[in-house]
Every structure is written in structure tokens, then in C-alpha cells.
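Engineer: The following block contains the structure, expressed as C-alpha cells.
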Amino acid sequence: MSMKNKGAAIEQLGTRNVKWVLFLCLGSFCAGMFFTNRMWSMPEYNDISRPSNEAEGINLNSEGCNLNLVVKPNSNYSTVEVSNAQNVIKKLGNSETAESTPKKRYFMVIGINTAFSSRKRRDSVRATWMPQAEERKKLEEEKGIIIRFVIGHSSTSGGILDKAIEAEERLHDDFMRLNHVEGYLELSAKTKAYFSTAVALWDAEFYIKVDDDVHVNLATLGLTLARHRMKPCVYIGCMKSGPVLAQKGVKYYEPEYWKFGEVGNKYFRHATGQLYAISKDLATYIRVNQDVLHKYANEDVSLGSWFIGLDVDHVDDRRLCCGTPPDCEWKAQAGNICVASFDWRCSGICHSVERMKEVHRRCGEEEGTLWSATF
């Protein structure tokens with residue numbers, strides 16, 4: 001065969017191979033289209049969805065105070081749990097009743113802040129404005145008012161101080177024990193523990209903290225709070241804004257004074273610590289977020305700071321901070337009975353053990369007022 005004929009044959013064979021390759025490629029493409037039944041395209045934005053549990057997790061409940069954002073400090077900080085404030089007690093508590101057995105609803109829980117050394121103060125309160133034994137039980141059942149002395153434990157748990165409180169408890173059955181180590185510099189932590197524990201134990205509309213050297217008229221307190229029961233987030237007390245004390249060693253010294261700006265500045269508005277009340281949603285907020293709420297040196301400042309930035313109704317009611325006689329007596333005679341009475345210079349009733357009965361006699365409500373009052 002000549003060279004010319006050989007070249008023609010090779011050219012013809014190459015053309016056939018090219019045709020077969022093209023045919024196979026086209027067949028493979030068509031087969032792929034047939035089995036996949038679609039062509040690749042970029043997904044639309046609406047096709048991107050979150051897992052259902054994540055979507056539920058960022059659905060904020062807008063009822064009530066909107067105080068249901070819970071940050072768990074012991075978990076990964078990229079995880080934020082959103083809980084319903086109304087159900088948080090069932091979720092976090094360890095002594096609550098079963099969900100199928102609803103708790104009894106109370107009107108208010110009064111926690112009387114006390115110390116190991118204050119036995120005589122407690123007895124002076126028991127002998128005046130705090131009902132005892134069967135009357136106290138009747139108060140709980142008929143009026144929905146819980147009253148307890150609030151105390152934690154000593155630094156040596158089970159020691160002589162704790163045993164003395166246990167003996168007193170067996171006698172009067174009027175204590176609320178906290179998982180807290182007592183100490184004057186730990187009052188902010190105790191306040192946090194009190195509200196957290198109280199809201200877990202009792203379902204009430206209001207939670208009150210009062211010192212054991214303050215005189216209280218229970219009926220007037222109840223009538224005062226009842227006027228604010230439709231407000232979901234309310235903080236009631238004698239509002240003040242005292243100076244931030246930067247001098248070390250003075251009473252009420254604030255170690256973190258620099259956080260409040262220039263020296264000589266005043267605190268934000270907050271209720272004085274002798275007596276104040278908060279609504280259930282605020283008590284629940286404290287319980288849920290107790291691990292991340294900052295504690296200042298003074299407990300009343302700490303409480304006020306926890307509500308900064310929240311949609312809280314601050315109620316300034318001066319009947320919660322009347323003076324002792326003649327101040328509260330004159331007001332009672334004028335028909336303006338005081339909720340609480342104490343001496344500002346002593347941050348309570350001066351010599352309250354000796355004077356509590358006198359204050360009660362001159363400024364207390366008439367006998368029977370509490371039982372006839374309707375809240």
C-alpha cells in the first residue's frame with residue numbers, strides 16, 4: 001500500500017473514534033440527567049432552615065415583664081437558653097411539687113432578715129406585730145401571708161450557733177433556712193439567696209424583705225401592695241440616691257466606687273434596705289439569673305442594680321420609712337397609718353429590743369384590723 005493510501009486510512013479511523021467518543025459523552029450526560037432529574041443550582045435563602053429546637057430556642061416570650069433571658073454561666077457561652085419566667089421554678093427547683101399538683105397561691109411572703117445574735121430582737125417582733133402559732137397559720141390560710149425569719153448557716157455548719165437556731169425553730173417553727181454562710185459583708189448574697197429560695201418555696205404575688213429591728217403594720221402593708229398587683233414588674237420602697245463612699249474604713253464604704261464615675265457621685269435610685277417589696281416576676285428573675293448578678297458591698301444597692309436596664313416600675317412610697325414616735329404616731333392620728341417605722345440614724349429602731357413594744361403601742365394598727373382587711 002502506498003504512503004498516500006495509508007494516511008487516508010488512518011485519517012478515516014481517527015474520525016470514527018472521535019465520533020464514538022462524542023457519542024459516549026453525550027450518552028453519559030443524558031443518563032446523568034435522567035437519574036438525577038435536575039440540574040445543579042444555588043439554593044434560595046428561604047430554603048435554609050434552622051433545626052426545630054434551635055428555632056424554638058430563640059423564640060422570646062413577650063408576656064409579662066419579658067425577664068426570661070437566662071444565661072447559664074457554667075455552660076458554653078455560645079449557648080443561650082430562653083425560658084418562660086412563669087415556668088422557671090418547675091424547671092430549676094429541687095423541692096417543688098409535681099406539675100400536676102399546682103401550688104397554693106399566696107398574697108405575699110415576708111422574710112425578716114435576722115442574725116445568730118438577734119434572739120432578743122426576734123422575740124420582740126414575735127411579741128408585737130408578728131402573729132404566733134395558730135394565728136400565724138390562720139394568717140397563711142385566710143390572708144395568704146407567709147412570715148418567716150430568714151437566716152443561713154454559720155461558717156462551721158452544725159456548730160453551736162446552728163444548734164441554737166434549730167432549738168428555736170423547734171419552739172416557734174417560724175424560720176426559713178438558706179443555703180448561705182452568714183456574715184455582715186455577705187448581705188447582698190443573702191438577699192439573692194432569700195428571693196431565690198422564697199420564690200421556689202411559695203407562689204406569691206409579692207416578696208418582701210424587712211429587717212428584724214423594724215416595726216411593720218401588716219394590714220397597711222397588704223393594702224399598699226394590693227394597689228400595685230396589676231403591675232407585672234414592680235419594685236416598691238423608699239427610694240433614695242445616697243453618695244458613693246470612696247473612703248476606706250467608713251460605714252457603707254463602696255470598694256467599687258470607681259464604677260460610679262467621679263468621686264462624689266451618687267448611686268442610682270434604689271429602695272432603702274429596711275423594707276422593700278418586689279413582684280413575683282422580679283423575684284423569679286433573681287432566681288433564674290442569680291449566678292450572674294453582681295453583688296456590691298451594700299445589699300440595697302445590689303438589689304437596685306439588678307433591675308437597672310429592665311422595664312421595672314419603681315414605686316417610691318414614704319409610708320414604708322416613717323420615723324418612730326412621735327412621727328408615726330402623728331401620722332396615725334391623722335389617718336395616714338405607716339407601713340413601717342424605724343430610726344434613720346440607727347438604720348432600724350434604736351434599741352429595738354426595749355422599744356419595739358412602745359412603737360407598736362403608739363403606732364400599731366388597731367386590734368382586728370388585719371383580720372378584717374381585704375386584699
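The values are calculated or read from the model by the stated rules, or taken from the named source; none is laboratory data. Just so we're clear, the structure is a prediction, and the values are computed from it rather than from any experiment. Because the Cβ atoms are built from the backbone with ideal geometry, glycine has one as well, and the counts that use them run over all protein chains shown. Protein only, heavy atoms only, side chains kept; ligands, DNA and RNA dropped before computing areas. Shrake-Rupley method; radii C 1.70, N 1.55, O 1.52, S 1.80 Å.
Engineer: Please work out the Cα center distance from segment 255-296 to segment 144-215, rounded to the nearest Å.
Structural biologist: Segment 255-296 and segment 144-215 have Cα centres spaced 20 Å from each other.
Engineer: Now for a different question. What percent does the relative contact order of segment 295-354 come to when contacts are Cα pairs within less than 8 Å and at least six residues apart?
Structural biologist: Details: 41 pairs, mean separation 14.9, N = 60.
Relative CO of segment 295-354 lands at 25 percent.
Engineer: Let me ask something else. Using a cut-off of 12 Å between beta-carbons, work out the net charge of the residues near ALA332 (Lys and Arg +1, Asp and Glu -1, ALA332 not included). Mind showing how you got there, number by number?
Structural biologist: Numbers: positive: ARG319, LYS331, ARG361, ARG362; negative: ASP327, GLU329, GLU365, GLU366.
Spelling it out: positives minus negatives among the neighbours equals 0.
Engineer: Oh, and also: Of the listed peptides 119-126, 362-369, what is their order by residue-averaged count of other C-beta atoms within 10 Å, with the highest listed first? Write down the numbers at each step before the final one.
Structural biologist: Working: 119-126: 18.6, 362-369: 15.4.
Order by mean packing, descending: 119-126, 362-369.
Engineer: Could you pull out every one of the aspartates and glutamates with an alpha carbon less than 17 Å from that of LYS190, ignoring same-chain neighbours closer than 8 positions?
Structural biologist: Those aspartates and glutamates meeting the cut-off are ASP162, GLU182, ASP211, ASP212, ASP291, GLU299, ASP300.
Engineer: For segment 198-268, what is the accessible area per residue in Å², given a 1.4 Å probe and the full set of protein chains?
Structural biologist: With the other protein chains kept in place, segment 198-268 gives 44 Å² per residue.
Engineer: Also: By average Cβ neighbour count within 10 Å, what is the ranking of 104-112, 288-296 from highest down?
Structural biologist: 104-112, 288-296
Engineer: Which entries of LYS103/LYS143; LYS120/LYS357; LYS192/LYS295 have Cα-Cα distances beyond 18 Å here? Can you show the working numbers first?
Structural biologist: Numbers: LYS103/LYS143 16 Å; LYS120/LYS357 13 Å; LYS192/LYS295 9 Å.
With Cα atoms farther than 18 Å apart: none of LYS103/LYS143; LYS120/LYS357; LYS192/LYS295.
Engineer: Right, something else. Given a cut-off of under 8 Å on Cα pairs at least six residues apart, what relative contact order in percent is computed for segment 256-375?
Structural biologist: On the way: 85 pairs, mean separation 23.4, N = 120.
19 percent.
Engineer: If R₀ is 25 angstrom, what is the calculated FRET efficiency for the pair ARG177 and GLU135, using the beta carbon separation as r and rounding to 0.05? Kindly include the intermediate steps, with their values, before the conclusion.
Structural biologist: Values: r = 23 Å, r/R0 = 0.90.
The formula returns an efficiency of 0.65 here.
Engineer: Same structure again: Using the heavy atoms of the protein chains alone and a 1.4 angstrom probe, what is the accessible area of segment 280-334 per residue in square angstrom? Numbers along the way, then the final one.
Structural biologist: Numbers: 2300 Å² over 55 residues.
Spelled out: the 1.4 Å probe surface of segment 280-334, per residue, equals 42 Å².
Engineer: Turning to a different aspect of this structure: Once you have the Cα-Cα distance between THR128 and LYS266, take 0.36 nm times their residue separation minus that, and quote the gain in nm to one decimal. Write down the numbers at each step before the final one.
Structural biologist: Details: separation 138, 0.36 × 138 = 49.68 nm, distance 3.68 nm.
Length difference between fully extended and current span is 46.0 nm.
Engineer: Something else now. At a 1.4 Å probe, what is the % contribution of carbon and sulfur to the accessible area of segment 174-216? Before the final figure, lay out each step's value.
Structural biologist: Numbers: 710 of 1260 Å².
Carbon with sulfur: 57 percent of the solvent-accessible area.
Engineer: Still on this model: Any idea which of LEU293, ILE337, ALA283 is furthest toward the positive side of the dipole for segment 283-362, if Lys and Arg beta-carbons carry +1 and Asp and Glu beta-carbons -1?
Structural biologist: It is ILE337, whose Cα lies furthest towards the positive end.
Engineer: When ranked by the protection proxy of mean other Cβ atoms within 10 Å per residue, highest first, what sequence do the peptides 196-206, 132-142 form? Display every interim value, and only then the final one.
Structural biologist: Values: 196-206: 21.3, 132-142: 13.2.
Highest to lowest by the protection proxy: 196-206, 132-142.
Engineer: Can you compute the modelled spin-label distance between PHE116 and TYR252, with each label point 7 Å from Cα toward Cβ, in nm?
Structural biologist: Placing both labels 7 Å along Cα→Cβ, they lie 2.8 nm apart.
Engineer: Ok, one more. How many Å² of accessible area per residue for segment 132-194, probe 1.4 Å? Present the calculation step by step, with values, prior to reporting the outcome.
Structural biologist: Values: 3310 Å² over 63 residues.
Per-residue accessible area for segment 132-194 comes out at 52 Å².
Engineer: Mind giving me the FRET efficiency for GLU366 and TYR184? R0 is 45 Å, r the Cβ-Cβ distance, nearest 0.05 is fine. All intermediate terms of the calculation are to be shown ahead of the outcome.
Structural biologist: On the way: r = 37 Å, r/R0 = 0.82.
Taking R0 as 45 Å, the efficiency between GLU366 and TYR184 is 0.75.
Engineer: I've got another one for you. Would you mind counting up the charge near TYR296? Only other residues with Cβ under 10 Å from its Cβ, with Lys and Arg at +1 and Asp and Glu at -1.
Structural biologist: Working: positive: LYS259, LYS295; negative: GLU254, GLU256, GLU299, ASP300.
That sum, taken over residues with Cβ under 10 Å, equals -2.
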